[in-house]
Amino acid sequence: MDTATGTTREVDLHRLDLRFAEARLLEPRAVEALARSIEQNGQRIACIAVPEDGNRLILVDGYRRILALRRLGRDTASVEAWACDLAQALLTVLARANARPFAALEEALLLRELVHGQGLSEREVARRSGRDVSWVSRRLQLICALPEVLLTAVRKGDLSTWAATRVLAPLARANAEHAAQLLGALASTPLSTRELHTWFRHYQGASRAARARMVEHPRLFIEAVQARDEQRADARLREGPEGQCAADVRQLLALIKRLRQCLPTLSTLAQPEPVLSALTRLRTALDALQSDLARSFDHDPSPIRDAARTLQTQGLSLREISRALKLSRNTVRRILRAPLQAGDEPAEHGLTLSYLQSAFERAQGNVVRVQQLLAAEYDLILSYSTLTRWVREAGLRAPPARAGEYNFGPGEEMQHDTSAHRVRLAEKNVTAQCAGLVLAYSRRLFIQYYPRYSRFEAKQFLLEAACFMQGSCPICLIDNTSVMLACGAGENAVMAPEMAAFARTLGFEFRAHRVGNPDRKGRIERNFFFVQTNFLPGRSFTDFDDLNRQALAWCKEVANANPKRVLGMSPEAAYVIEKPYLQSLPSALPPIYEVLDRVVDLNGYVLSAPARNWSESDDLEAERKLGC
């Protein structure tokens, strides 16, 4: 086998075949630096080539060196001719490119051996290695600053070079005892480079007592810092941009107070140019802030509100109103939704709020009668929806009082229901049954579609939902559907035996809500509207398998991934909190089957016709055979 070895000799440049020149990146700066090094120290590393037929050599490695030699006006190059074929040479060059470079500390240890062990000067080492004297000096200073115990830890791999040079070496120069304690603590509870940087930054500003505790338990200190940072992040998330703005204002007030304390001292001295320039910029920034505050809080919103309502009655869209008034769409939407104030007029027809109140009182709260009064007295023909909106914005009719809300703990309850949706399958509109299950605490949702929804489909869906949730809650709230119930309703509901048994195998039991109280399972009821307005519009499906695949992807990527305002996080994030509280699934999942009744005659044959289709003679014949 050919080997990639050979002898080194001086070769004329015209004998080299540069056929791989197009395969190399020739950086001008690197070539210039290489030319300076060759001019000062000579060519330290030989080029690599393989012989070709005749007297020529194919250059495999060293194209930058050849360019540097030509730039210096040289005619020859030091070339190592390998006694192998071209393919073997290329493969060997590629393999050498994967060699691990020396670490900075390894280079420093080798340089220390050359200088102190071999007796070479730093200048001689720099010349013979093709480096600068300053580079050799910096490497030697790096190792001289480290105690021997740190060098031993770095050699064994217990400590990184960065940690030794940036943290422990400065600490050892300032306090050798603390450095030794920290090194011992890191041996049992190591810290990452980022954590060690955080630790050292806090150590530099800590008191003596705090420093002693920090070097004894560095891991405990880092965990305390991380917990504090998490609490601050939670507080910022909870307070929102308003809290951040309030904190910035408090900091600004503190800085202004400190600056006012310094002003008497500055007024008695000749102020230098940097201070004058900074004060000028501060005055400009304060004027701009004052202008922004006046524009944001001190303006009269009535003309803007009237203009927005007028443009709305003219048929302009929300986007067009936003562009016309140079306001954001959220601001326009908030203006249009704001209730009417006393003395305001609906922009259309000049109807005053006082007359609207009078008509509403005379009609005893009947908006249809108000509509008739406006048509008779003002000759106004208004739609019922517009009139109800005016009544609602004027506060004449109070919204229905909220009875309360249901709060659930992690893993306490899940809710299941179905809803009929119109779905487009294979270019046809069909009615499909959407089955949904949601965890009441985290609001994590799972939906699937079926052509019909019997007890067989219910078992299939509940098993898939339990696998999707990786567990179940002890209670599954349902409505009074005959799919789950055998008889009764609400508290007196009796579950179908096969459905109750199936639920027990998955670790939960069904519970029906009171008749006429669908709000009890509002967690799942609200999600059906979300499905109809977000998932179904603009989508087409080839079959039910394609529909359910897209529904599952929508649950993962949209429904459970988007943050919910009531949670302060996404359902997927809340599910991480709830998951430890869920009932574990059994190791053997229950089979899915449908129970069918069959009638067998006295001879053991299964009758094909149902019992309800038997005639009276068939009953008499069966009684005669039984001896009745």
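Readers should treat all values here as calculations from the given coordinates under stated rules, not as data from a laboratory. As the structure is a computational prediction, the values presented were derived from the model and not from experiment. Positions of Cβ are backbone-derived with ideal geometry, glycine not excepted, and every protein chain shown enters the neighbour counts.
Tell me what the chain gives for mean residue ellipticity at 222 nm when only DSSP H runs of n ≥ 4 count, each as -39,500 (n - 2.57), the sum divided by the residue total, rounded to 500 deg cm²/dmol. Please list the in-between numbers first.
Values: 25 runs with 310 residues, N = 628.
Roughly -15500 deg cm²/dmol at 222 nm, from the helical runs in the chain.
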## Note on the structure
For the range 20-112, the Cα-Cα pair-distance distribution in 5 Å bins from 0, as whole percents, is 2, 12, 18, 19, 20, 16, 9, 3, 1, 0
### Task
Sort 516-522, 441-447 for me by packing, meaning the mean count of neighbouring Cβ atoms within 10 Å per residue, highest on top.
441-447, 516-522
### Query
Using modelled backbone amide H atoms (1.01 Å from N, in-plane), which distant-in-sequence or interchain residues come within less than 5 Å of D417's amide H?
G436
### Message
With a cap of 15 neighbouring Cβ atoms within 10 Å, and only residues DSSP puts in a loop, list the trypsin sites (Lys or Arg not before Pro) found in the range 468-517.
### Response
R514
### Message
Projecting each Cα onto the charge dipole of the chain (Lys/Arg +1, Asp/Glu -1 at the beta carbon, about the Cα centre), which of H178, Q40, L16 comes out farthest on the positive side?
### Response
Q40
#### Entry: Nearest 10 degrees, 0 to 90: helix 302-313 Cα axis against the chain principal axis
70
### the chain: angle of helix 28-41 to the longest principal axis, Cα-based, in degrees nearest 10
30
### aspartates and glutamates with Cα under 16 Å of K257, excluding same-chain neighbours fewer than 8 positions away
D248
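What FRET efficiency comes out for N480 versus T161 if R0 is 45 angstrom and r is the Cβ-Cβ distance? Round to the nearest 0.05. Please list the in-between numbers first.
Numbers: r = 71 Å, r/R0 = 1.58.
That pair, N480 with T161, gives E of 0.05.
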### Task
Calculate one ³J(HN,Hα) per residue across the range 559-566 by plugging θ = phi - 60° into the Karplus curve 6.51 cos²θ - 1.76 cosθ + 1.60, and present them in order as whole Hz with x for glycine and proline.
4, 9, 9, 7, x, 10, 4, 5
## Note on the structure
With 0.36 nm assigned to each residue of separation and the Cα-Cα distance removed, V494 to D12 gains 163.4 nm
#### Entry: Stretchable slack from A588 to R319, in nm (0.36 nm times residue separation minus alpha-carbon distance)
91.2 nm
### the range 75-178: chymotrypsin sites (Phe, Trp or Tyr not before Pro) in DSSP coil with no more than 15 other Cβ atoms inside 10 Å
F102
### Message
For the range 186-261, which trypsin sites (Lys or Arg not before Pro) pass both filters: DSSP loop (anything but H, G, I, E, B) and at most 11 other C-beta atoms within 10 Å?
### Response
none
### Query
Among the aspartates and glutamates, which fall within straight-line cross-link reach of K156, defined as a Cα-Cα distance under 13 Å, with same-chain neighbours fewer than 8 residues apart omitted?
E106, E148
### Summary
Measuring from the longest principal axis of the C-alpha atoms of the chain, the long axis of helix 353-362 (C-alpha) lies at a number of degrees, nearest 10, equal to 30
### Query
Roughly what would the spin-label model give for R389 and E113, points 7 Å off Cα along C-beta, in nm?
8.6
#### Entry: Charge context of P264, other residues only, Cβ under 14 angstrom, K/R +1, D/E -1
+3
### Task
Starting from the amide H of L485, placed 1.01 Å from N in the peptide plane, find each other amide H under 5 Å away whose residue is 5 or more places distant or on another chain.
A496
### Message
What aspartates and glutamates does K579 reach when the alpha-carbon gap must be under 17 Å and sequence neighbours fewer than 8 apart in one chain are set aside?
### Response
E412, E413, E464
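Using the Cβ atoms and a cut-off under 15 Å, what net charge is assigned to the surroundings of F360, where Lys and Arg are +1 and Asp and Glu are -1? Provide the component values of the computation, followed by the final result.
Numbers: positive: R362, R369, R389, R392, R397; negative: E361, E377, E393.
Result for the local shell: +2.
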### Query
Based on the Cβ-Cβ distance from E22 to E239, what FRET efficiency comes out when R0 is 56 Å, to the nearest 0.05?
0.40
### Query
Which of G568, Q204, S322 sits closest to the plus end of the dipole of the chain, meaning its Cα is farthest towards the positive end, when Lys and Arg get +1 and Asp and Glu get -1 on the C-beta?
Q204
